[in-house]
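**Student:** Before I ask anything, here is the structure I am working with.
None of the figures in this text is laboratory data; all of them are computed from the coordinates on show. Owing to the predicted nature of the structure, the values given are computational and were not obtained by experimental measurement. Ideal geometry is used to build each Cβ from the backbone, glycine not excepted, and the neighbour counts take in all protein chains shown.
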Amino acid sequence: MQLRKVTAASAAVLALALTATACGSEDKDDAAGSGGGGKITIGIKIDQPGLGLKTPDGKFAGFDVDVATYIAKELGFDAKNIEFVETKSADRETAIERGDVKFIAATYSINDERLQKVDFAGPYLLAHQDVLVRADDNTIKSPEDLNNKKLCSVTGSTSAKNVKEKLAPKAQLQNYGGYSECLTGLENKAIDALTTDDSILAGYAAQEAHKGKFKLAGFKMTNENYGIGLKKGDADLKKKVDAALTKMVSDGSWDKAVEANFGPANYKNEKAPEIGNVVK
Amino acid sequence: MEAREIVFDFLEGYDLLGAFWVTVKLTVYSALGALIWGTLLAGMRVGPVPLMRGFGTAYVNIVRNIPLTVIIVFASLGLFQTLQVTLGGGDNFETVNFRLAVLSLALYTAAFVCEALRSGINTVPAGQAEAARALGLSFTQVLRLIILPQAFRSVVNPLANVLIALTKNTTVAAAIGVVEAAYLMKDMIEAEAQLILISAIFAFGFICLTLPTGLVLGWVSKKVAVKR
């Protein structure tokens, strides 16, 4: 008898779970269906302040988001008809190839390996690998000064390894799961410098909680040309996106977006890159 | 031969064995720590002093309900970065992180060891403890000479479970930069376009570690079981 009660209970739970999931998928279908052909799906990052961040109220903010919204507008889509989805670094090529997203604006640097799989419009931003230090720390003036300093980056990132192998072999390397832990360490002086693309660093330093505490050192250790990733061979879309980016720069929206997203971090951005001009 | 070389040539330049060796070391050191601290906790929980019983109960219920990632990241951010606890690792991040990871894993796993052991203590008939007390043995003597030897023999299998879980939990140490298997896996996935193959290799590596653990300890469990 006892057993039968348990079985009944678990059956009920299972049935509930099934109905719940069924509801969920139905809702989604409805949303997609009612939009008809009027929606556009864009891949962004949702965890990088200043570039692509999902805010607690469910909206998206950042430079990549501003650029993507502008392009979508030029392609004929209202802001409310844009659906942003997260594309993690490792998933970006697959998402484009499968057609999950129309295009990707997610700190996507143009390089030869990626050009074999996808096409790029742009570039729309020229970033460099840089280091973030405490605002009152004046001991790090060149990459070589990082010797005997404590350098932080995230697991799986190549930026810190580049520094250690090429520029400052005596630097101590600490890897964390996310940049936030590095920033805590930087604030506590357990870490002396945090390294990755300057645009990402500027985004973190410009966050409300970090304003005025950190500064960019301004080393241009690499060139990262952020482009808009598109399906390979879609020349028509590439032309339209390029035109949208050109217009964004010429009407001043580009400068406004840079100022709004990276402004407070002493970030000396490069001029808006020319379309098709990939700086090696 | 050639096909194998083509499929696995992305492994070159990675210290796969070295990373798994760190995993093994993390497991062994934290298992020892957890066994000792877990036994002490179990002793406290069945002991006659209310304060110690209360401490043991509180410790187990708090620690086993906190996610391991939180404990490990707290050890790094709280103990190391803020309080500058280096556990004798000095200025070397690698040593400090490794020791912090061992400390966190041991403290966390001890809660599970304690509960496994306590269930073993409950299998020893109460009459044995009473008889030992009647002979004039103190509480620690009863525990050490009569209860624990029998309790341990009946919980080899549950402890093997805890050990296997611990082996896999060591992957969380990657969050604070300990270069063990999961850390290397993240590195490789980022640099090579071989997601499924890399994951399969690491899954296989962990099976190589945990399957023998389970088999050997299962056999030991049968050997030493108390026949009642």
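**Student:** Taking the Cα centroid of segment B:66-106 and of segment A:145-186, what is the distance between the two, rounded to the nearest whole Å?
**Tutor:** 17
**Student:** Next question. When averaged across all projection directions, what area in nm² does the alpha-carbon convex hull of segment A:66-156 cover? Let's see the in-between values first.
**Tutor:** Working: hull surface 35.6 nm².
Result: 8.9 nm².
**Student:** Okay, moving on. Between the alpha-carbon centers of segment B:166-228 and segment A:39-104, tell me the distance in whole angstrom.
**Tutor:** About 36 Å separates the Cα centre of segment B:166-228 from the one of segment A:39-104.
**Student:** Please find the FRET efficiency linking B:S199 to B:N65, where r is the Cβ-Cβ separation and R0 is fixed at 22 Å, and quote it to the nearest 0.05. Show your work: numbers first, answer last.
**Tutor:** Working: r = 29 Å, r/R0 = 1.34.
Result of the calculation: an efficiency of 0.15.
**Student:** Give me the one-decimal nm value for the distance between modelled label points at A:D236 and B:V49, 7 Å along each residue's Cα-to-Cβ direction.
**Tutor:** If labels sit at A:D236 and B:V49, their model points lie 8.1 nm apart.
**Student:** How far, in nm, would the chain grow between A:A90 and A:V249 when pulled straight, counting 0.36 nm per residue and subtracting the alpha carbon separation?
**Tutor:** Working: separation 159, 0.36 × 159 = 57.24 nm, distance 2.95 nm.
Result: 54.3 nm gained on full extension.
**Student:** Just how large is the dipole of segment B:17-224 about the Cα centre, in debye to the nearest 20, putting +1 at every Lys and Arg Cβ and -1 at every Asp and Glu Cβ? It would help to have the intermediate numbers written out before the result.
**Tutor:** Working: 13 positive and 8 negative charges, 189 e Å.
The dipole magnitude comes to about 900 debye.
**Student:** Positive end of the dipole of the protein assembly as shown, charges at C-beta (+1 Lys, Arg; -1 Asp, Glu), about the Cα centre: which of A:S89, A:I191, A:V249 has its Cα farthest in that direction?
**Tutor:** Farthest towards the positive pole: A:I191.
**Student:** While we're looking at this one, here's another question. Determine ³J(HN,Hα), in whole Hz, for all residues of segment A:245-253 in sequence, where each value follows from phi through the Karplus function 6.51 cos²θ - 1.76 cosθ + 1.60 and θ = phi - 60°; x replaces Gly and Pro.
**Tutor:** With the stated coefficients, segment A:245-253 comes to 5, 4, 5, 4, 6, 6, 8, x, 5 Hz.
**Student:** Given Cβ point charges of +1 (Lys, Arg) and -1 (Asp, Glu) and nothing else, what value in debye, to the nearest 20, does the dipole of segment B:106-215 about its Cα centre take?
**Tutor:** Details: 6 positive and 6 negative charges, 111 e Å.
With only Lys, Arg, Asp and Glu charged at Cβ, the dipole is about 540 debye.
**Student:** Treat each spin label as a single point 7 Å out from the Cα along the C-beta direction, and report the B:R144 to A:D100 distance in nm.
**Tutor:** Between B:R144 and A:D100, the label points sit 6.0 nm apart.
**Student:** Can you give the Rg and Dmax of the protein assembly as shown based on its C-alpha atoms, in angstrom?
**Tutor:** 28.2, 95
**Student:** In square nanometres, what is one fourth of the surface area of the convex hull spanned by the alpha carbons of segment A:129-216? Don't jump to the answer; show the numbers that get you there.
**Tutor:** On the way: hull surface 19.5 nm².
For segment A:129-216, averaging the hull's shadow over all directions gives 4.9 nm².
**Student:** Mind checking the full-extension length gain between B:T57 and B:T95? Use 0.36 nm per residue of separation minus the Cα-Cα distance, one decimal, nm.
**Tutor:** Working: separation 38, 0.36 × 38 = 13.68 nm, distance 3.23 nm.
Between B:T57 and B:T95, full extension yields 10.5 nm more.
**Student:** Round to the nearest 0.05 the FRET efficiency obtained for A:E113 and A:E74 when R0 = 25 Å and r is the Cβ-Cβ distance. Numbers along the way, then the final one.
**Tutor:** Details: r = 29 Å, r/R0 = 1.16.
In this case the efficiency is close to 0.30.
**Student:** Using only Cα atoms and rounding to the nearest 10 degrees, what angle (0 to 90) does helix B:93-121 make with the longest principal axis of chain B?
**Tutor:** 40
**Student:** Multiplying the sequence separation of B:A165 and B:L137 by 0.36 nm and subtracting their Cα-Cα distance, what value in nm do you get? Could the numbers behind the result be given before it?
**Tutor:** Values: separation 28, 0.36 × 28 = 10.08 nm, distance 3.67 nm.
Using 0.36 nm per residue and subtracting the Cα-Cα distance, I get 6.4 nm.
**Student:** Starting from the Cα of A:A260, step 7 Å along the direction of its Cβ; do the same at B:K223; then give the gap between the two resulting points in nm.
**Tutor:** A separation of 7.1 nm, rounded to one decimal place.
**Student:** I've got another one for you. Assuming R0 = 41 Å, can you tell me the calculated FRET efficiency for the pair A:D47 and B:L32, based on Cβ-Cβ distance, to the nearest 0.05?
**Tutor:** Working: r = 38 Å, r/R0 = 0.92.
E between A:D47 and B:L32, to the nearest 0.05, is 0.65.
**Student:** Compute log10 of I(q)/I(0) for segment B:17-224 with the Debye formula, placing one identical point scatterer on every Cα and leaving out solvent, at q = 0.08, 0.13 Å⁻¹, to two decimals.
**Tutor:** -0.34, -0.80
**Student:** Sort B:216-227, A:189-200 for me by packing, meaning the mean count of neighbouring Cβ atoms within 10 Å per residue, highest on top.
**Tutor:** Working: B:216-227: 11.8, A:189-200: 24.5.
The peptides rank, most packed first, as A:189-200, B:216-227.
**Student:** Quickly rank B:75-81, B:197-203, A:169-175 as a protection proxy: mean count of other C-beta atoms within 10 Å, highest first. Please list the in-between numbers first.
**Tutor:** Working: B:75-81: 20.7, B:197-203: 15.1, A:169-175: 18.3.
Going by the mean number of other Cβ atoms within 10 Å, highest first, we get B:75-81, A:169-175, B:197-203.
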